[in-house]
Every structure is written in C-alpha cells, then in structure tokens.
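Have a look at the structure below before the remarks.
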Amino acid sequence: MDFYTNPMKYTYVTGITKVFLMPTDSGGIPAVAVSYRVAIYIYGAYTILMILIFMIGWSLILAVLMAFLSGSDTHSKTPLLALWGSGESMNATMLLASYFKRVILLNKGGDMKWGGMRDLLWGLPFVFIALVVVLGNAAASVLVPAQLAMGNVAPVAKDVIFYPNFANNTQHNLTSSEIRRLDSLKVLPALRALAAVEVARGTARRRVYIDIDGKSDDSFNASYDYNVTGVDMGLQSDPKLRLRVKGSCHTDDTWLLNSTDQGDTYRLFGGNDTFELKYQPGVGLPPMLNFRINTNTGGGSNVLYAMIPNTGGLYSHTPGHGAWYVTDKTGASVPAEYQVRRKRPVLSCWEAKTWHLNGREVDGSKLDTLPIININFVKAKA
C-alpha cells in the first residue's frame, strides 16, 4: 500500500533563478528546481543550443580548411568544393562519400591509377572530420540535455516549516492554534514514514552489513554496521557528513530472574532494575517486543540496550523455530496445536556511533564539535 499526500502550492522553492546546493556524496552541486513543464522547455532549448554550437563549429572548421588549403595546387579541389557547398556536416559526409564512389568507379577494372589513389587519400581526412562532427552533434543533442536532470528534488520553503516554540516556553503552555498545528503534524508524517520505509528497503538494505554468527532454537548472535550520509539527511551544507554506526546483539539467558504461570521476570543489565512480562496466549495476538536502554552508562556514543520478547506462551497453528519462536506441541488442537516456549532469552545489545567529516571523527553525541561543519545548532533555553 502506498501513502501519499499532496503538498501545498508553495511548499517548495522553485524557479530558474532560485539556485540551491543539491547534496551528493561528492559534495554540493548548484541546481535549480523547476516544474515538469518548464523542464521540458529547458531540455528542448539545450537540444537546439547543441545543434547551433555544432553548426557554428562546422563553419569555423570550413573557414580554417579553406584558408590553408584552397591555394594549394597539389591536390584535387573537388573535396574542398564538396565541403564548402555542403552547408552542414551531414551533407558534407554524403557528398564526400559520393565523390569517393565516383573515384573508385572511374578506376575499376584494374589497378587504381595514382591520381585516383591520391585524390582518395586526400579526401579521407575530410570525411573523418565531417563524420566526427555528425556523431558529436547527435551525441551532444541527446546526452547533454539528459544530464540536466538531477532527480525530483527541491528545497523546502522556510515559511511552511512549523516547529513548536518550546525553547521560549519552558512550561509548554501552547496556544490552541499551536496545539492544532502540532496535532496536524502527527498523522501525515507517520503515513509518509511508512511509504519511505517501504521504498528504502531495496537501497538501504544494500548499505547495511549484518553478520549472523549463529542462529538456533537456543541462541542468536549478530553484528551490524551501516552509514548514514549527509545526502541521506538532505543536508545542503555538509553532504559529506557521515554517521557511522556499529553494533552487536546476542541472546542472554542469565537475565531471567523468575518465571511463573502468569509471566516471566527479567533483571535488566545485571543491575537492580527488573522487568515483568505477562503471557498473552491468544491465537490472534501478534508477538510483542519491548526495548529498554541502559541509562547508567555515563553517556557517550556507546549505548547498551535490550530487546525483551513477549512471545512466550503464544499459541500457534504451525511450528516455530528460533530463540524467540521455538514451539512445543500442546497435545490438543484447541486452541492450537503448538505453543511458544516460555522463558525466552533477552537480546542484549550494544551500539556505538561516530560522526565523520573531512577526515575528522568525533563522538556520536558531539556533532557540534566538528571543526568544519556548517550546520547551525540552536540549543533550547533551560
């Protein structure tokens, strides 16, 4: 299913004079955003421009050839006359080809006379020049306009961006109009995010490295590594900015503290905090997953987090496998023939983030300390 909403008329900055930097992996490229109709006119104009440039270039080539070769009495003037009277490179190629055909026919029936051979060799460079101009004109007329298209992108108009003014209102006492505008932002971005995730699966998956060391009904170990660039973030100022993320996860049975007929209790991160799960044995209920972050790590780029599955006790009509979904037979068909084992292991994970720009690297929480970054940081008032 695709989700799409039509933006307001003045949401994006468009116009042939509104130049902005298009972010790419190799740096910003000056660009303008125009409508599809205007783009068609620009493509056509560039095609005509290429034709005119090669026509003028051909005229200059003819002028140079006539200036240096017309006074020579060593060679036949027929190729030069064909060039001068051609008008453009395609006609010149056809006239010279006709000339060579006549030279070959006049000398058929035996060895070609030296005069005919000399005229043939004398005219070959002109054929080559005319043919190069013809092919260059055709290629430039097609390829150059096609290179103008950079994609369906445009900068957003600043006036249509709404951000709650929390910095100047520490109590968050928003007015009724601000509340309405804030609520209106919650639904549509969520729908657009669903569509963005669906589209990004193909491209993003190729950029994410996942190494699974082992996978069975009792254990799971995996490490992952991926980059997010300034282009992915839509940054015009620092497209070469890169967020490097590394992490690893493994199942841990030692976190299970207690198990009863009602649910399981886990001790989080080996400390005093506990987390209780209630079994949800319904057949039609989906499996649930709980995320917890260890806030006692002292900050920094290294983050410890856990994924706690609430799958134990779920009934299933089909057998399951894996550390979170392994099933046992119930011995009955009602409510289901299979049930997920209780006491499922927690997935203990760590993740580290670092920012990279122009050969410099900083901690994931210190983006604003990069010495060459052009992003303006606005800190909320306490």
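A few remarks follow.
- Taking each residue as 0.36 nm, the span from SER177 to ALA332 lengthens on full extension beyond its C-alpha to C-alpha distance by 50.0 nm.
- Cβ-based charge dipole, segment 245-301, positive-most Cα from HIS250, ASN296, VAL283: ASN296
- With a simple spin-label model that places each label point 7 Å from the Cα along the Cα-to-Cβ direction, the separation between LYS366 and ALA63 comes to 6.4 nm.
- With distances taken between every two different alpha-carbon atoms, segment 209-369 has a Kirkwood hydrodynamic radius of 18.1 Å.
- Subtracting the Cα-Cα distance of LYS246 and ILE53 from their residue separation scaled by 0.36 nm leaves 64.2 nm.
- Fully extended contour minus Cα-Cα distance, from MET90 to THR14, at 0.36 nm per residue: 23.4 nm
- Ascending count of other beta-carbon atoms within 10 Å, so fewest first, for THR24, THR311, THR254: THR254, THR24, THR311
Bear in mind that the values in this text are calculations on the coordinates, not laboratory data. Keep in mind that what you see is a predicted model, and the values were worked out from it rather than measured. Positions of Cβ are backbone-derived with ideal geometry, glycine not excepted, and every protein chain shown enters the neighbour counts.
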